[in-house]
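Visitor: Before I ask anything, here is the structure I am working with.
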């Protein structure tokens with residue numbers, strides 16, 4: 001097995017086999033790892049951007065759930081898997097689609113395949129648990145899982161095509177539920193990125209008001225320390241917090257420097273700081289945000305979910321399904 005070395009981690013990491021990643025050259029500055037295409041920086045090397053294939057995440061997901069007591073949120077599971085696998089910032093910051101990172105995408109694949117194999121389940125949104133079958137296993141043969149799920153997928157595709165044979169495909173199919181969620185979220189994010197900066201600030205102002213903030217003001221460029229706005233959040237009519245917020249209309253990652261800048265502005269202006277982005281946050285930025293005084297972070301995925309919950313530009317339609325009770329008519 002070939003050892004991989006990253007720029008941000010001098011430790012030699014023997015756990016990834018580069019050959020198994022199916023690396024293919026796609027022209028200058030581009031490579032494909034598994035199912036995803038990654039654009040490399042001019043000075044980047046292959047080892048800088050290696051992310052294990054999705055099946056390499058399966059056993060770490062099972063281990064993470066065991067260490068979390070048999071259940072966990074997606075965030076808890078993902079953080080635990082990153083810890084177990086020893087992934088570094090450079091790997092975690094590679095984007096797949098929208099604000100979803102390549103690691104998050106492959107973790108989604110892993111969860112979906114493990115669920116179809118009967119080892120884990122998600123009884124409620126965002127919560128995953130080990131099944132009775134999953135609790136009995138210390139480790140799963142990922143090849144068997146892939147063969148089982150892919151056989152199901154091929155059979156389903158064959159039935160949908162009414163007997164026609166599907167074309168051979170070496171790349172595992174993306175789960176329908178992951179694809180559907182990515183599609184609408186990416187659509188919303190593209191709309192946000194096309195907005196005028198001042199319009200985006202007004203949208204955040206509206207979102208905060210709808211979320212229970214009062215006296216929400218957008219200060220824009222005239223604000224002190226790069227603050228985009230401020231507001232007051234009152235809890236149960238008793239406690240109130242003065243909050244400053246900053247909006248980052250980014251497609252990439254927000255660095256820890258932005259978190260530190262907002263904290264510096266917060267010291268003399270407010271009790272709490274809120275950093276909102278259409279992109280995501282680097283692992284270093286998330287760690288920086290937990291320092292006292294803590295900064296609350298809202299990434300692109302959380303932002304579009306909040307817009308959906310508040311029905312701000314995103315509407316959920318319920319499809320009416322009609323069935324005819326023939327027995328009822330026959331018994332008249």
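Visitor: So which strands (runs of 3 or more DSSP E) stay within the range 25-109 end to end and still have 3 or more residues that are in the same structural domain as residue 280 (by TED's automatic domain parsing) and either more than 26 Å from residue 132 (Cα to Cα) or modelled with pLDDT under 75 (or both)?
Guide: Numbers: elements: 30-33, 36-39, 71-73, 95-97.
Qualifying strands (runs of 3 or more DSSP E): none found.
Visitor: Tell me, which helices (runs of 4 or more DSSP H) wholly within the range 142-213 include 2 or more residues that are outside the structural domain of residue 303 (by TED's automatic domain parsing), at pLDDT 85 or above and within 30 Å of residue 246 (Cβ to Cβ)? So that I can check it myself, show each step before the final result.
Guide: On the way: elements: 142-160, 176-194, 197-210.
The qualifying helices (runs of 4 or more DSSP H) are 176-194.
Visitor: Now, a different point. How about the range 256-332: which helices (runs of 4 or more DSSP H) wholly inside it have at least 2 residues that are under 22 Å from the mean Cα position of the chain (by Cα), more than 19 Å from residue 203 (Cβ to Cβ) and outside the structural domain of residue 79 (by TED's automatic domain parsing)?
Guide: Fully inside the range 256-332 and qualifying: 256-269, 283-289.
Visitor: Taking the criterion of being closer than 23 Å to residue 186 by Cβ and either surrounded by fewer than 19 Cβ atoms within 10 Å (Cβ to Cβ) or in contact with a strand residue (DSSP E or B) (Cβ under 6 Å, 6 or more places away or on another chain) (or both), would at least one residue in the range 319-328 satisfy it? Lay out the reasoning, then the answer.
Guide: Step one: of the range 319-328, the residues closer than 23 Å to residue 186 by Cβ are 319.
From what is left, the residues that are either surrounded by fewer than 19 Cβ atoms within 10 Å (Cβ to Cβ) or in contact with a strand residue (DSSP E or B) (Cβ under 6 Å, 6 or more places away or on another chain) (or both) are 319.
Yes, because at least one residue in the range 319-328 is closer than 23 Å to residue 186 by Cβ and either surrounded by fewer than 19 Cβ atoms within 10 Å (Cβ to Cβ) or in contact with a strand residue (DSSP E or B) (Cβ under 6 Å, 6 or more places away or on another chain) (or both).
Visitor: For the range 287-298, check the following and say yes or no: at least one residue is more than 23 Å from residue 102 (Cα to Cα) and crowded, with 17+ Cβ neighbours inside 10 Å.
Guide: Going residue by residue through the range 287-298, those that are more than 23 Å from residue 102 (Cα to Cα) are 290-296.
Adding the requirement that they be crowded, with 17+ Cβ neighbours inside 10 Å leaves 295.
Scanning the range 287-298, I find at least one residue that is more than 23 Å from residue 102 (Cα to Cα) and crowded, with 17+ Cβ neighbours inside 10 Å, so the answer is yes.
Visitor: Contact list please: Cβ distance under 8 Å, first residue in the range 276-291 and without any contact (Cβ under 8 Å) to a residue 24 or more places away in the chain, second residue assigned to a strand (DSSP E or B) and buried (at least 20 other Cβ atoms within 10 Å of the Cβ), pairs at least six apart or on different chains.
Guide: These pairs meet every condition: 286/297.
Visitor: Right, another one. Looking at (1) in a helix (DSSP H, G or I); (2) surrounded by 15 or more Cβ atoms within 10 Å (Cβ to Cβ), which is the one condition that is false for residue 128?
Guide: Of the numbered conditions (1) in a helix (DSSP H, G or I); (2) surrounded by 15 or more Cβ atoms within 10 Å (Cβ to Cβ), the odd one out for residue 128 is (1).
The values are calculated or read from the model by the stated rules, or taken from the named source; none is laboratory data. All figures in this text were calculated on a predicted structure; none of them were measured in a lab. Glycine gets a Cβ as well: all are built from the backbone with ideal geometry, and neighbour counts include every protein chain shown.
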